[in-house]
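Q: Below: one structure in structure tokens.
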Amino acid sequence: MDIFAQIVEKIIREQEGIIGPVALEQARKVQGLNVDWEKHDVRFDGDQKTIVERLVGQYRELFGQASVEVCKDAVKDVLSKIPQDQRPQLLL
Amino acid sequence: MDIKQSASTIHGILYNLATIMASTLRLEDLGHRLLSELLSAMRISHGAIVLLTKDSKIYQVLHEGYASVPEFDEKEIAILSDQVKILVFNELPEGKLKDILKKLDVAVVVCLRTQEENIGLLLLGRKLLGGLYTPYEIQALKILAPETAVAIQNARSFEEIQRFNATLEQKVSDATEDLRNVNEEVYKKNVELARLSKELSQANDKLKTLDKLKDEFLSLASHELRTPMVAIKSYIWMVLQGRGGNVTEKQKDYLNIAYRSTNSLIALVNDMLNISRIESGKITLDLKRLRLNDLVKEVVTEMTPRAKEFQIEIMETFSPALSEIWGDSSKIKEVLMNLIGNSLKFTPRGGKVTVSLNQKDNFIETCVSDNGIGIKKEDMSKLFQKFSMVGITKQKEKNIQGTGLGLYLCKLIVELHGGRIWVESEGEDKGSAFTFSVKVASPLS
């Protein structure tokens, strides 16, 4: 699985543990992000970095900075595998 | 200026003013533009529009050509607003009205009325060149007055709607902000809950592992304990039988105590082993069709010598036409022995223990009742718990021994059969009744 798809999955999974099905509902509202949760399929329509930032921003808009911290925590292991300049700003 | 020219000029003024009224929605813009147009077209030094509330209080003043912000007396304005006709200073007789106009430095006063209400006043100053207002100009002001009133009212309504919209927007924005704050708080609490839940789940896993280890240890220890204890019991019995030589009465007493204690210990170990096997799911029931009345008869017969020893009457009552049950006879027998044994322990000499069987719908209910020491209401819920020793004081008084596992084991066995067990008692010294129900076997099974 693509590294950005992994990031998206980890973020949604972590958010799901906290806010339940709303996590997936919100992810599906993110422009350029297509998630088939049952099939573990995450697809991007556009720049992956930007779309991940949109996803984190979507949670921040509703639940504030605490939700961003949760996202950061969820992806801290995977994030190190991406070059510095490719890392989504909101997750740093 | 001839009549024809004046009429044309007035027509032009009215046209311009009508255009302003049709094209301006903001009240302040409307007032200033109307005043500017009037002052410029009619060459007037200054003018003001005094807007009034429904109870004739000054609500807003729009002015043009004044050196400083004009101040109006509310009472005087109220007097002026009561006048229906246009007031022209030069045409007024001496008196209060003329004095007010003089004080206000106003040459013409026009009331701005709609059909429903008085909107305010249009106050116009003197002509710049010192002349008088022409009849055409006064006529134009008359025509203008109701239209201006309507235009002002529209502008006011527009502003009210705008204000209402702004308030509404603010309220929606505030509510959204509140909601966001609440969301954030709930989210933070959820994060904490998720963390605690994770910790709890980990702790639970640890406990499960520990519980499994404990069960395994208990099972192993019980098994290892039983073998030497049976040997101890056998040798004590042999000594008591005189197989090892003569035993004095005193020695017999001591050995009897040791023999009874070994028996209790073996019973405890057996109970622990059984419980451990049931709890770990290692036990399998040997299910067969059973006639509970046969089993009850058998157990009552076995227990009768012990009942006689305690001078307690034991009897069974049941209808011979009871259905069969589907059960493991050795396990059901264990339950019956436990319940009858308890009744014998807790019933005084001369008492009575009855075992009855009843069929209720698809269940056979077996009830062991006595007229013994009874059970306090608050103790009932503890009865079927592991190591529960209810009424321990009375037990000590009567030198009754028990492991606190018997009823728990009964409960496990009955539940393994898909039945249930319960107790009823009217209270202390009022006897008790222990009942367990087991489902009848279907005719085809």
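We did not get these values from a lab; they are worked out from the coordinates using the rules stated. For clarity, every value in this text was computed on a predicted model and none was experimentally measured. Cβ sites come from the backbone with ideal geometry, for glycine too, and all protein chains shown count toward neighbours.
Q: Could you please let me know if B:ALA155 is under 60 Å from the mean Cα position of the chain (by Cα) and either within 17 Å of B:LYS85 (Cβ to Cβ) or assigned to a helix (DSSP H, G or I) (or both)? Steps first, answer last, please.
A: Details: under 60 Å from the mean Cα position of the chain (by Cα): yes; either within 17 Å of B:LYS85 (Cβ to Cβ) or assigned to a helix (DSSP H, G or I) (or both): yes.
When the stated conditions are applied, B:ALA155 passes them.
Q: A follow-up question, please. So which of B:SER234, B:SER222 is away from chain A (no Cβ under 14 Å), surrounded by 15 or more Cβ atoms within 10 Å (Cβ to Cβ), more than 30 Å from A:VAL22 (Cβ to Cβ) and not aromatic (Phe, Trp, Tyr)?
A: Working: B:SER234 fails: surrounded by 15 or more Cβ atoms within 10 Å (Cβ to Cβ).
So the residue among B:SER234, B:SER222 that is away from chain A (no Cβ under 14 Å), surrounded by 15 or more Cβ atoms within 10 Å (Cβ to Cβ), more than 30 Å from A:VAL22 (Cβ to Cβ) and not aromatic (Phe, Trp, Tyr) is B:SER222.
Q: For the stretch B:317-342, what are the residues that are free of Cβ contacts under 8 Å to residues at least 60 places away in the same chain and either surrounded by 22 or more Cβ atoms within 10 Å (Cβ to Cβ) or in contact with a strand residue (DSSP E or B) (Cβ under 6 Å, 6 or more places away or on another chain) (or both)? Before the answer, list the steps.
A: As a first pass, look at the stretch B:317-342 and keep what is free of Cβ contacts under 8 Å to residues at least 60 places away in the same chain: B:317-322, B:329-330, B:333, B:336-337, B:340.
Passing the criteria: B:THR317, B:PHE318, B:LEU322, B:SER329, B:LEU336, B:ILE340.
Q: Looking at the stretch B:87-125, which of its residues are in a loop (DSSP other than H, G, I, E, B) and over 60 Å from the mean Cα position of the chain (by Cα)?
A: B:LEU92, B:PRO93, B:GLU94, B:GLY95, B:ASP105, B:VAL106, B:ALA107, B:GLY125
Q: Based on this model, can you work out whether B:ILE314 counts as assigned to a strand (DSSP E or B), of a type outside the set (D, E, K, R), touching a strand residue (DSSP E or B) at 6+ places or on another chain (Cβ under 6 Å) and surrounded by 20 or more Cβ atoms within 10 Å (Cβ to Cβ)?
A: Spelling it out, B:ILE314 is indeed assigned to a strand (DSSP E or B), of a type outside the set (D, E, K, R), touching a strand residue (DSSP E or B) at 6+ places or on another chain (Cβ under 6 Å) and surrounded by 20 or more Cβ atoms within 10 Å (Cβ to Cβ).
Q: Sticking with this structure for a sec: How many of the residues in the stretch B:15-50 are in a helix (DSSP H, G or I) and buried (at least 17 other Cβ atoms within 10 Å of the Cβ)?
A: Taking the stretch B:15-50 first, the residues in a helix (DSSP H, G or I) are B:15-23, B:27-42.
Next cut, buried (at least 17 other Cβ atoms within 10 Å of the Cβ) only: B:17, B:20-21, B:27, B:30-35, B:38-39, B:41-42.
Final tally of qualifying residues: 14.
Q: Can you work out which of the residues in the stretch A:32-76 that are assigned to a helix (DSSP H, G or I) and among the aromatic types (Phe, Trp, Tyr) is farthest from the other protein chains (Cβ to nearest Cβ)? Show your work before the answer.
A: Kept after step one, since they are assigned to a helix (DSSP H, G or I), are these residues of the stretch A:32-76: A:48-63, A:65-76.
Checking the rest, the ones that are also among the aromatic types (Phe, Trp, Tyr) come to A:59, A:63.
Details: A:TYR59: 9, A:PHE63: 4 Å.
Selected residue: A:TYR59.
Q: Between a first residue in the stretch B:351-378 that is closer than 25 Å to B:SER442 by Cα and in contact (Cβ under 8 Å) with a residue 60 or more places away in the chain and a second residue that is buried (at least 16 other Cβ atoms within 10 Å of the Cβ) and charged (D, E, K, R), which pairs have beta carbons less than 6 Å apart while being 6 or more apart in sequence or on different chains?
A: Within 6 Å, the pairs are B:ASN362/B:LYS439; B:PHE363/B:LYS439.
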